[in-house]
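The values are calculated or read from the model by the stated rules, or taken from the named source; none is laboratory data. It should be emphasised that the depicted structure is a prediction, and the values quoted were computed from it without experimental measurement. Here the Cβ positions follow ideal geometry from the backbone for every residue, glycine too, while neighbour counts run over all protein chains shown. Only protein heavy atoms, including side chains, enter the accessible area calculation; ligands, DNA and RNA are left aside. Shrake-Rupley method; radii C 1.70, N 1.55, O 1.52, S 1.80 Å.
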Amino acid sequence: MKYRLALLTVLVVAVATRPSAALPDFAVPARMTGVASGSLDSSGNVVQNTARVLNLLDQFQSITESLYGLQTPTLYRLATGLRVVLDSLVESGSPIFQGLSNAARLSTGNITTVFDGIRRSINGTIALHELHQSALNGTVLLLGTGGVHNISTVLHQLVRNVANLTGALDEIEPAIVAIQEQELSRPTQAQVDGRYPRAAIRRLNGILLDYVNIGQATVPQINAVVNRIRMMDGFIGRLAAVTGGLWGDLNRTLAAVNGSVYAGVQQRLHTTARTIRNSFNATVLGTARKLKLFFLDDLEELQLVARNASALLVKRLTNVTGALDGLVNRTVVRLEGYESELVLNRTIAAVTDLAWRFALSVTSSVPGADICYARYNYEFDKIPRLIYGSLVACGQGEARTLQSVGGGLSGALSLTQAQLDAETSNYEQCLGGLVPGSSDVLKRQRIVCLQGAERISGVLGDAVVDAQLSAFQALLQKEMSYSAERHHQCVRTSGHLMVAEVKRLWSSIANCLS
């Protein structure tokens with residue numbers, strides 16, 4: 001065992017001290033400094049430099065992926081051109097530089113075939129340049145003229161850099177082919193070095209480094225653009241959440257306000273009218289039972305008067321019941337919410353429009369926009385909340401006013417109650433103390449009394465009650481008109497407040513940007 005361990009140690013040391021075999025580059029059976037190893041004038045080598053470029057493209061890809069996460073549909077659409085350009089830059093560039101990296105580590109193969117594949121990728125990238133520029137021009141609303149110009153300049157530099165690769169490959173290829181033709185005679189390292197296209201390799205590495213330098217200078221710029229876009233995505237999304245919530249809250253609040261109006265005013269009036277109806281019904285039925293006692297009275301005159309009075313009261317009951325039921329059906333008290341919804345919608349539209357203009361000034365990097373955004377972005381949330389609160393106050397305030405008005409309206413109905421009570425009281429007075437066994441003299445006195453009560457019911461009953469109920473209906477309509485006007489003026493004031501607040505905010509932002 002000790003012998004084996006000693007032998008293994010010797011072998012490990014031998015392997016570690018033996019010079020490593022040179023790995024071939026560009027399908028050449030010998031190492032060429034600056035291709036897969038070593039460096040020419042501190043420029044690195046092709047494998048290292050292509051790795052730097054591919055890493056740069058990965059950064060572009062990472063930046064692009066963040067644009068796919070935008071939550072605001074409009075912003076997502078506006079950023080489409082930038083996403084397309086960055087995506088295409090990665091997809092078209094990766095085959096070129098990955099192909100160069102692979103070719104730099106080849107030991108055998110037809111270098112012309114390999115280089116032709118890389119050239120096709122280069123030509124494809126160059127052919128896409130105009131499409132890239134067109135897509136980028138479509139982002140001017142988002143990036144601004146200056147932003148589009150800056151990125152466009154970078155694209156020109158990168159495509160020019162990629163185009164320069166073709167010239168370097170054209171210089172390298174003949175030398176590699178010449179070295180490959182010597183392979184049958186097994187060229188030595190010295191022979192390979194003699195044909196080694198040092199200047200072309202140096203130039204290739206310089207082009208790769210130039211791409212890296214352009215890209216590294218661009219990454220912070222693109223990152224800043226994308227970060228501003230994402231920041232505005234959050235801003236617009238937050239504002240949409242705030243305004244959307246307020247719209248739903250307003251609908252619920254107006255529903256609650258109308259619920260209190262219904263319970264405190266409309267239902268109160270309905271209850272009053274039904275109470276009058278039920279009271280008159282009970283009184284009439286009670287009086288009719290008393291009159292029925294005289295339907296078969298010995299005194300025929302009393303029979304006739306009792307029957308006529310009972311029939312008249314039943315008719316009156318039918319008329320009054322119908323009139324009060326109709327009044328209940330026509331008595332609707334509510335606050336219309338469409339004006340409040342309209343003002344809130346206008347508020348949301350105005351604030352959103354202002355927010356978009358502000359957001360685009362940030363994404364297009366208007367001088368000072370970032371600072372102004374930090375100062376004013378939460379002011380946008382305050383305006384819808386302020387107007388929402390004002391509109392809610394309008395509804396709740398008017399609901400309280402209507403509840404006070406409801407007391408007066410109920411009082412107006414009490415006149416009808418008094419009139420009906422007076423009418424039935426006439427019959428009660430006539431029948432008071434009268435029984436079937438009463439004397440004829442008393443009966444004849446009460447006959448005259450009942451005939452007078454009938455005349456009052458027949459001549460004045462329907463007319464007076466109808467007039468009172470009509471007067472109540474007119475009063476109700478007038479109060480509803482006053483209510484609508486009061487609410488309209490309050491909502492209108494909220495609209496004026498909204499306009500003033502939006503103008504104030506825009507003026508503040510404009511002063512900040514100037």
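Touching a Pro at 6+ places or on another chain (Cβ under 7 Å), surrounded by 14 or more Cβ atoms within 10 Å (Cβ to Cβ), in the same structural domain as Leu415 (by the TED database) and over 12 Å from Arg334 (Cβ atoms) - does that describe any residue in segment 245-257?
Step one: of segment 245-257, the residues touching a Pro at 6+ places or on another chain (Cβ under 7 Å) are 246.
Checking which are surrounded by 14 or more Cβ atoms within 10 Å (Cβ to Cβ) leaves us with 246.
Applying the additional criterion that residues be in the same structural domain as Leu415 (by the TED database) yields 246.
Those left that are additionally over 12 Å from Arg334 (Cβ atoms): 246.
The answer is yes; a qualifying residue exists.
Only one of Leu293, Leu312, Leu342, Leu299 is open to solvent by 10 Å² or more (accessible area, probe 1.4 Å), hydrophobic (A, V, I, L, M, F, W, C), over 24 Å from Leu460 (Cα atoms) and touching an Asp or Glu at 6+ places or on another chain (Cβ under 7 Å); which?
Working: Leu293 fails: touching an Asp or Glu at 6+ places or on another chain (Cβ under 7 Å); Leu312 fails: over 24 Å from Leu460 (Cα atoms); Leu342 fails: touching an Asp or Glu at 6+ places or on another chain (Cβ under 7 Å).
Going through Leu293, Leu312, Leu342, Leu299 in turn, the sole match is Leu299.
Could you tell me which numbered condition Ser37 fails, if it satisfies all but one of (1) outside the structural domain of Leu143 (by the TED database); (2) modelled with pLDDT of 75 or more; (3) open to solvent by 50 Å² or more (accessible area, probe 1.4 Å)?
All conditions pass for Ser37, except number (3).
Name every residue in segment 430-451 that is open to solvent by 20 Å² or more (accessible area, probe 1.4 Å) and either in contact (Cβ under 8 Å) with a residue 24 or more places away in the chain or touching a Pro at 6+ places or on another chain (Cβ under 8 Å) (or both), in order of residue number.
Within segment 430-451, Val435, Pro436, Asp440, Arg444, Arg446, Gln451 meet the criteria.
What number of residues in segment 315-339 are open to solvent by 70 Å² or more (accessible area, probe 1.4 Å) and among the polar types (S, T, N, Q)? Full working, then the answer.
Pass one, segment 315-339, residues open to solvent by 70 Å² or more (accessible area, probe 1.4 Å): 315, 318, 329-330, 332, 334, 336, 338.
Now drop any that are not among the polar types (S, T, N, Q), which leaves 318, 329.
Within segment 315-339, residues that are open to solvent by 70 Å² or more (accessible area, probe 1.4 Å) and among the polar types (S, T, N, Q) number 2.
Can we say Thr352 is modelled with pLDDT of 95 or more and either part of a helix (DSSP H, G or I) or surrounded by fewer than 17 Cβ atoms within 10 Å (Cβ to Cβ) (or both)? Write out each step before concluding.
Values: modelled with pLDDT of 95 or more: yes; either part of a helix (DSSP H, G or I) or surrounded by fewer than 17 Cβ atoms within 10 Å (Cβ to Cβ) (or both): yes.
The answer is yes for Thr352.
Only residues that are part of a loop (DSSP other than H, G, I, E, B) and under 15 Å from Leu165 (Cβ atoms): list them for segment 186-213, please.
The initial filter retains those residues of segment 186-213 that are part of a loop (DSSP other than H, G, I, E, B), namely 186-188, 196-197.
Matches in segment 186-213: Pro197 only.
Restricted to segment 82-110, and to residues that are in contact (Cβ under 8 Å) with a residue 60 or more places away in the chain and among the small types (Gly, Ala, Ser), which residue is nearest to Val219 (Cα to Cα)?
The extreme case among them is Gly93.
What is the one condition in (1) more than 30 Å from Arg375 (Cβ to Cβ); (2) without any contact (Cβ under 8 Å) to a residue 40 or more places away in the chain; (3) within 50 Å of the chain's Cα centre (by Cα) that Arg504 does not satisfy?
If we test Arg504 against (1) more than 30 Å from Arg375 (Cβ to Cβ); (2) without any contact (Cβ under 8 Å) to a residue 40 or more places away in the chain; (3) within 50 Å of the chain's Cα centre (by Cα), just (1) comes out false.
Checking the condition more than 33 Å from the chain's Cα centre (by Cα) and surrounded by fewer than 14 Cβ atoms within 10 Å (Cβ to Cβ), which residue from Thr271, Thr275, Thr218 passes?
On the way: Thr275 fails: surrounded by fewer than 14 Cβ atoms within 10 Å (Cβ to Cβ); Thr218 fails: surrounded by fewer than 14 Cβ atoms within 10 Å (Cβ to Cβ).
Result of the check over Thr271, Thr275, Thr218: Thr271.
Restricting the search to segment 124-146, which residues are under 17 Å from Ala163 (Cα atoms) and either in contact (Cβ under 8 Å) with a residue 24 or more places away in the chain or not in a helix (DSSP H, G or I) (or both)?
Taking segment 124-146 first, the residues under 17 Å from Ala163 (Cα atoms) are 124-133.
Within segment 124-146, Gly124, Thr125, Ile126, Leu128, His129, Leu131, His132 qualify.
In the list Ala241, Ala168, which residue meets the criterion of being free of Cβ contacts under 8 Å to residues at least 60 places away in the same chain, surrounded by fewer than 17 Cβ atoms within 10 Å (Cβ to Cβ) and among the aliphatic types (A, V, I, L, M)?
Working: Ala168 fails: surrounded by fewer than 17 Cβ atoms within 10 Å (Cβ to Cβ).
Of Ala241, Ala168, the one residue that is free of Cβ contacts under 8 Å to residues at least 60 places away in the same chain, surrounded by fewer than 17 Cβ atoms within 10 Å (Cβ to Cβ) and among the aliphatic types (A, V, I, L, M) is Ala241.
Confirm whether Arg385 is without any contact (Cβ under 8 Å) to a residue 40 or more places away in the chain, assigned to a helix (DSSP H, G or I), surrounded by fewer than 18 Cβ atoms within 10 Å (Cβ to Cβ) and under 20 Å from the mean Cα position of the chain (by Cα). Explain how you work it out, then say what you get.
Details: without any contact (Cβ under 8 Å) to a residue 40 or more places away in the chain: no; assigned to a helix (DSSP H, G or I): yes; surrounded by fewer than 18 Cβ atoms within 10 Å (Cβ to Cβ): yes; under 20 Å from the mean Cα position of the chain (by Cα): yes.
No, not satisfied.
In this structure, is Leu415 aliphatic (A, V, I, L, M) and free of Cβ contacts under 8 Å to residues at least 60 places away in the same chain? Step through it out loud before you land on a result.
Working: aliphatic (A, V, I, L, M): yes; free of Cβ contacts under 8 Å to residues at least 60 places away in the same chain: yes.
Criteria met by Leu415.
Can you tell me which residues in segment 221-238 are under 13 Å from Leu70 (Cβ atoms) and open to solvent by 20 Å² or more (accessible area, probe 1.4 Å)?
Asn227, Arg228, Arg230, Met231, Gly234, Gly237
If you go through segment 114-131 one residue at a time, do you hit one that is surrounded by fewer than 19 Cβ atoms within 10 Å (Cβ to Cβ) and among the hydroxyl-bearing types (Ser, Thr, Tyr)?
Checked segment 114-131: no residue is surrounded by fewer than 19 Cβ atoms within 10 Å (Cβ to Cβ) and among the hydroxyl-bearing types (Ser, Thr, Tyr).
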